[in-house]
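The values are calculated or read from the model by the stated rules, or taken from the named source; none is laboratory data. Because the structure is predicted, anything quoted here is derived from the model rather than measured. Glycine gets a Cβ as well: all are built from the backbone with ideal geometry, and neighbour counts include every protein chain shown.
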Amino acid sequence: MTKVNSPQDAEAIIQKLPCDMGIHRTSRKCTLKGPEAVTEDFSPSKPVLVDEVYPDEFSLEETQRRILENTRDLIKYQKPVISIGGDHSVSFPVIKALKDNRPDLELVWLDAHLDLKKKLDNHVSHDVVVRELIEQNLFTPDEITFVGTTRIDQDEDEFLHHHDINVYRPDDVEDFRREFGKDEQPRYLSIDIDVLEEDAAPGTGYPDGELSLEQVKNLIQQISPEHCDIVEVAPELDDSGRTTNNAEVLLTQLLEAST
């Protein structure tokens, strides 16, 4: 990896966010080691600063507070921030910090799931993040686009019934690409590795995706996000290493597209 020690010398900042406390409906966790696995052999062609926020092993809320404060600090350097999870709950404080800084920021959620479920025990877990962003009035529904969705739970379907949000299923990806506006609008792209078809990413908690690696690479290039993340890589659930390898491929694409 082409590492630099100063953010001023970097073209982008990679923020490692190890965490698995946001997963609570399945025993298939193992995302704690995701950031290390994805970045271990990563060799970018551009200089990057690698930063890390260590989780509080007893508190998801404290972990998210640390991520929020760290992201606010990183924003000051005016460089693309690429966050590597960790489960999808780490995206909430990152996106909150960035949206507070850029009120016109839009969100593209590239995920097999909507993450619009109702909260349990007041925790912003990995499957409630987008609902929480809306209910905290950080985003309006028309600022959010879902791409690659394969599973919608009943409570999420009810939420969609009352909120006008664009949802593109795997068969609709080409429609999204035709309709997506290439303009100067700042966008955050959140990629759950489970959006990939299972053969490309078996190492994740809910391998429900149907998109090919090539489709996701093309989407990254077209969206050209200002900031972004890759989450839900669970190395211990994939002995073949395909999930980690493909996450590295996407990380390379994100670095190229955001700088």
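Sort out which residues of the range 17-49 are modelled with pLDDT of 95 or more, surrounded by fewer than 20 Cβ atoms within 10 Å (Cβ to Cβ) and touching a Ser or Thr at 6+ places or on another chain (Cβ under 8 Å), and write them in order of number.
Pro47
Kindly evaluate Gly181 against the criterion of being small (Gly, Ala, Ser), free of Cβ contacts under 8 Å to residues at least 12 places away in the same chain and either out of contact with any strand residue (DSSP E or B) (no Cβ under 8 Å at 6 or more places or on another chain) or more than 23 Å from Leu49 (Cβ to Cβ) (or both).
Details: small (Gly, Ala, Ser): yes; free of Cβ contacts under 8 Å to residues at least 12 places away in the same chain: yes; either out of contact with any strand residue (DSSP E or B) (no Cβ under 8 Å at 6 or more places or on another chain) or more than 23 Å from Leu49 (Cβ to Cβ) (or both): yes.
It is true that Gly181 is small (Gly, Ala, Ser), free of Cβ contacts under 8 Å to residues at least 12 places away in the same chain and either out of contact with any strand residue (DSSP E or B) (no Cβ under 8 Å at 6 or more places or on another chain) or more than 23 Å from Leu49 (Cβ to Cβ) (or both).
Evaluate the range 184-202: report whether one residue or more is of a type in the set (Lys, Arg) and touching a strand residue (DSSP E or B) at 6+ places or on another chain (Cβ under 9 Å). Working first, answer last.
As a first pass, look at the range 184-202 and keep what is of a type in the set (Lys, Arg): 187.
From what's left, touching a strand residue (DSSP E or B) at 6+ places or on another chain (Cβ under 9 Å): 187.
So far as the range 184-202 goes, yes, one or more of its residues are of a type in the set (Lys, Arg) and touching a strand residue (DSSP E or B) at 6+ places or on another chain (Cβ under 9 Å).
Would you please list the contacts, defined by Cβ atoms under 9 Å and residues six or more apart or on different chains, that run from a residue in the range 206-220 that is assigned to a helix (DSSP H, G or I) to a residue that is of a type in the set (Phe, Trp, Tyr) and surrounded by 19 or more Cβ atoms within 10 Å (Cβ to Cβ)?
Leu219/Phe176
Only helices (runs of 4 or more DSSP H) wholly contained in the range 108-188 count here; list those with 3 or more residues that are touching a Pro at 6+ places or on another chain (Cβ under 8 Å), at pLDDT 95 or above and crowded, with 21+ Cβ neighbours inside 10 Å.
Details: elements: 129-135, 154-162, 173-179.
Correct list: empty, since no element meets the threshold.
Can you tell me which residue among Ser91, Ser83 is more than 24 Å from Lys118 (Cα to Cα), touching an Asp or Glu at 6+ places or on another chain (Cβ under 6 Å) and crowded, with 24+ Cβ neighbours inside 10 Å? If you could, list the steps in order and put the result at the bottom.
Working: Ser91 fails: more than 24 Å from Lys118 (Cα to Cα).
Just a single option satisfies the conditions, and that option is Ser83.
Taking the range 109-151 on its own, how many of its residues are basic (Lys, Arg) and in contact (Cβ under 8 Å) with a residue 60 or more places away in the chain? Break it down stepwise before answering.
Going through the range 109-151, the residues basic (Lys, Arg) turn out to be 117-119, 131, 151.
Remaining after also requiring in contact (Cβ under 8 Å) with a residue 60 or more places away in the chain: none.
Within the range 109-151, residues that are basic (Lys, Arg) and in contact (Cβ under 8 Å) with a residue 60 or more places away in the chain number 0.
Going by what's in this entry, would His227 be described as farther than 12 Å from Leu110 by Cβ, without any contact (Cβ under 8 Å) to a residue 60 or more places away in the chain and of a type outside the set (A, V, I, L, M)? Please lay out each step first, then the result.
Numbers: farther than 12 Å from Leu110 by Cβ: yes; without any contact (Cβ under 8 Å) to a residue 60 or more places away in the chain: no; of a type outside the set (A, V, I, L, M): yes.
Spelling it out, it is not the case that His227 is farther than 12 Å from Leu110 by Cβ, without any contact (Cβ under 8 Å) to a residue 60 or more places away in the chain and of a type outside the set (A, V, I, L, M).
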